[in-house]
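Single-structure report; data block below.
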Amino acid sequence: MKWYNNLYVGKKALKRKHKIIMRAIRRKPQIGIYMITLPVNDANALEIYPSYILLQKYYRKKKLTVVGISQGYDEALEVMQDILMDCYNETGQFLVRHMVERHQ
């Protein structure tokens, strides 16, 4: 799993940011934590996964790039909205992958 340099973090997850990241790196399950990643295919802009899903062997092989973290699904939707709006304001399009690669 790769991490975006300018990681987006939800308000509830902000105070636990370091702990969430370290638990994800150490492959520890976290209930209620969601990861916003670049999509596996080019048909989507972003994807939201519960963090414990990313512990499965299938997802570890995918080498996903995490661009946001949140505590709760509703907050994940808010973080995703922030990412998409920042991308649109910067590029005029919803090509998140291009924006992330430019900032890496």
Hits in segment 65-104 - residues which are in contact with a helix residue (DSSP H, G or I) (Cβ under 8 Å, 6 or more places away or on another chain) and open to solvent by less than 10 Å² (accessible area, probe 1.4 Å):
66, 67, 68, 69, 70, 83, 87, 96, 99
Residue list for segment 1-21, filter: in a helix (DSSP H, G or I) and touching a strand residue (DSSP E or B) at 6+ places or on another chain (Cβ under 6 Å)
12, 13, 17, 20
Looking at (1) open to solvent by 30 Å² or more (accessible area, probe 1.4 Å); (2) of a type outside the set (D, E, K, R); (3) in contact with a strand residue (DSSP E or B) (Cβ under 9 Å, 6 or more places away or on another chain), can you tell me which one residue 51 breaks?
(1)
For segment 20-44, the count of residues that are free of Cβ contacts under 8 Å to residues at least 24 places away in the same chain and more than 21 Å from residue 63 (Cα to Cα) equals 1
So, residue 24, is that one in contact with a Ser or Thr (Cβ under 7 Å, 6 or more places away or on another chain) and either assigned to a helix (DSSP H, G or I) or loosely packed, with under 14 Cβ neighbours inside 10 Å (or both) or not?
yes
If residue 57 meets every condition in (1) closer than 16 Å to residue 5 by Cβ; (2) open to solvent by 20 Å² or more (accessible area, probe 1.4 Å) apart from one, which number is that one?
(1)
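The values are calculated or read from the model by the stated rules, or taken from the named source; none is laboratory data. As the structure is a computational prediction, the values presented were derived from the model and not from experiment. Glycine gets a Cβ as well: all are built from the backbone with ideal geometry, and neighbour counts include every protein chain shown. We work out accessible area using only protein heavy atoms, side chains counted, and drop any ligands, DNA or RNA first. Shrake-Rupley method; radii C 1.70, N 1.55, O 1.52, S 1.80 Å.
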